[in-house]
Amino acid sequence: MKIIDLRSDTVTLPTPAMREAISRAEVGDDVFEEDPTVKRLEEMAAERVGREAALLVASGTMANLVCTLTHCARGEEVILGNRSHIFLNEAGGMSALGGIHPHTVSNQPDGTIRLTDIEAAVRGDNVHFPRTRLICLENTHNRCNGMALTPEYCDAVAELAREHGLKLHIDGARIFNAAVALGVDVKDLVRGADSLSFCLSKGLSAPVGSLVCGTREFITEARRSRKILGGGMRQAGIIAAAGITSLAQMVDRLAQDHRNARRLAEGVARIEGLSINLPEVQTNIVYFTLTGSRITGEQFLTRLGKMGVKTLLTEPNTFRMVTHYGIEESDIDAALSVIREAAQ
Ligand code: TLP
């Protein structure tokens, strides 16, 4: 039985071209800034997103943490969505390690936060309050149906940040999915941001790594934050080599993942006992809900697993499926047959 693993795009395996690039990678000690492959990846990343400089880090979580630690001092505050990955899924790193205070505001179903809500959350100058320092957005928005924030929305938040003397960070773990889905240059999605993180190890299929991008000055400080976190890596060209292949070869194919997600979503919509909001499926993430009361979410999850389809239960009856490299159209059709049977 072929296992169809739709839990996440983090399960992607390196491509043959990545393994080849890893085996040939020229390496050095990157803490001494002497790894030529890391430097090449960082330059390529910075250029790709229209920023002066970039820094390779171990994970998306580390990338976001490096950025919050670099922007904020202890006791300062970050405005971020209540469904954001930073708030929900990063073990409270900014407060645990940085003494930084998260101020959550509601994410709308499309991943945006209303400008009026952001503005209302900005603190006035008062001895009782933490100082607001940073706003964080997430694009695509994982827990908000993988939806893509538009350049216009990101610009509006950047403008608001500027008006209030705040910084803007974009958690762009899947920013290339957003750019491909919207048909825009990724530079236009991040042009107003003071920092941005994106992941190599999700839809772009590399085995490890994320990039932090910003001004040269910001990246110099971020390098220090990375060191504090124990994230200074030595012959990291082994990782960077795969990342270079990701940026060179794996971005345009995300459109195929989006088509597969669409096909999956349309199939799910035809299955009795399941409910899905089709217009919300824009990228490679599909959420649906079990509405019939015959079986529980846990039972449905177990049934799917036994029949070879791995998925995630994100709320009691809500499932997330993510398409990625290694999942073909035929796998989607096979998964739909299993889902249909399991929902009986
Ligand atoms: N998300 C993972 C899980 O942690 C939920 C996934 O399977 O989607 N930002 C966003 C928007 C993310 O979705 C993730 C990973 C991260 C940051 C963190 O990246 P890693 O896992 O590399 O630390």
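The values are calculated or read from the model by the stated rules, or taken from the named source; none is laboratory data. Everything quoted here is computed from the prediction, not taken from an experiment. So basically every Cβ, Gly included, is an ideal-geometry build from the backbone, and we count neighbours across all protein chains shown. In case anyone asks, the SASA skips ligands and DNA or RNA and just uses the protein heavy atoms, side chains included. Shrake-Rupley method; radii C 1.70, N 1.55, O 1.52, S 1.80 Å.
Just name the residue that is surrounded by the most Cβ atoms within 10 Å (Cβ to Cβ) out of those in the range 92-102 that are farther than 14 Å from residue 169 by Cβ and in contact (Cβ under 8 Å) with a residue 12 or more places away in the chain.
Once the filter is applied, the top-ranked residue is 101.
Check off (1) open to solvent by 40 Å² or more (accessible area, probe 1.4 Å); (2) hydroxyl-bearing (Ser, Thr, Tyr); (3) not in a loop (DSSP other than H, G, I, E, B) for residue 325 and give me the number that stays unchecked.
Just one mismatch for residue 325, condition (3).
Could you list all residues from the range 122-141 that are more than 19 Å from residue 98 (Cα to Cα) and more than 24 Å from the chain's Cα centre (by Cα)?
If the condition is that a residue be more than 19 Å from residue 98 (Cα to Cα) and more than 24 Å from the chain's Cα centre (by Cα), then 122, 123, 124, 125, 126, 127, 128 are the ones that fit.
Scan the range 137-153 and tell me whether some residue there is surrounded by fewer than 21 Cβ atoms within 10 Å (Cβ to Cβ), of a type in the set (S, T, N, Q) and within 16 Å of the ligand (Cβ to nearest atom).
No, the range 137-153 has no match at all.
Can you spot a residue in the range 73-82 that is in contact (Cβ under 8 Å) with a residue 24 or more places away in the chain, within 22 Å of residue 208 (Cα to Cα) and of a type in the set (Asp, Glu)?
No - not one qualifying residue is present in the range 73-82.
Return the only residue of 343, 255, 241 being touching a Ser or Thr at 6+ places or on another chain (Cβ under 8 Å) and in contact (Cβ under 8 Å) with a residue 24 or more places away in the chain.
Exactly one of 343, 255, 241 is touching a Ser or Thr at 6+ places or on another chain (Cβ under 8 Å) and in contact (Cβ under 8 Å) with a residue 24 or more places away in the chain, namely 241.
Name the residues in the range 1-10 that are within 16 Å of the ligand (Cβ to nearest atom), under 18 Å from residue 339 (Cβ atoms) and open to solvent by 40 Å² or more (accessible area, probe 1.4 Å), would you?
Hit for the range 1-10 is 7, nothing else.
For residue 325, work out the one condition from (1) of a type in the set (Phe, Trp, Tyr); (2) farther than 16 Å from residue 259 by Cα; (3) within 15 Å of the ligand (Cβ to nearest atom) it doesn't fulfil.
Status for residue 325: all satisfied but (2).
Please find, among 43, 52, 26, 33, the residue that is open to solvent by 30 Å² or more (accessible area, probe 1.4 Å), without any contact (Cβ under 8 Å) to a residue 12 or more places away in the chain and touching a helix residue (DSSP H, G or I) at 6+ places or on another chain (Cβ under 8 Å).
33
Matching residues to (1) open to solvent by 20 Å² or more (accessible area, probe 1.4 Å); (2) within 30 Å of residue 36 (Cα to Cα); (3) not small (Gly, Ala, Ser):
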position	(1), (2), (3)
239	yes, yes, yes
257	no, no, yes
264	no, no, yes
272	yes, no, yes
280	yes, no, yes
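What single numbered condition from (1) surrounded by 19 or more Cβ atoms within 10 Å (Cβ to Cβ); (2) away from the ligand (no atom under 16 Å from the Cβ) fails to hold for residue 249?
Failed condition: (1).
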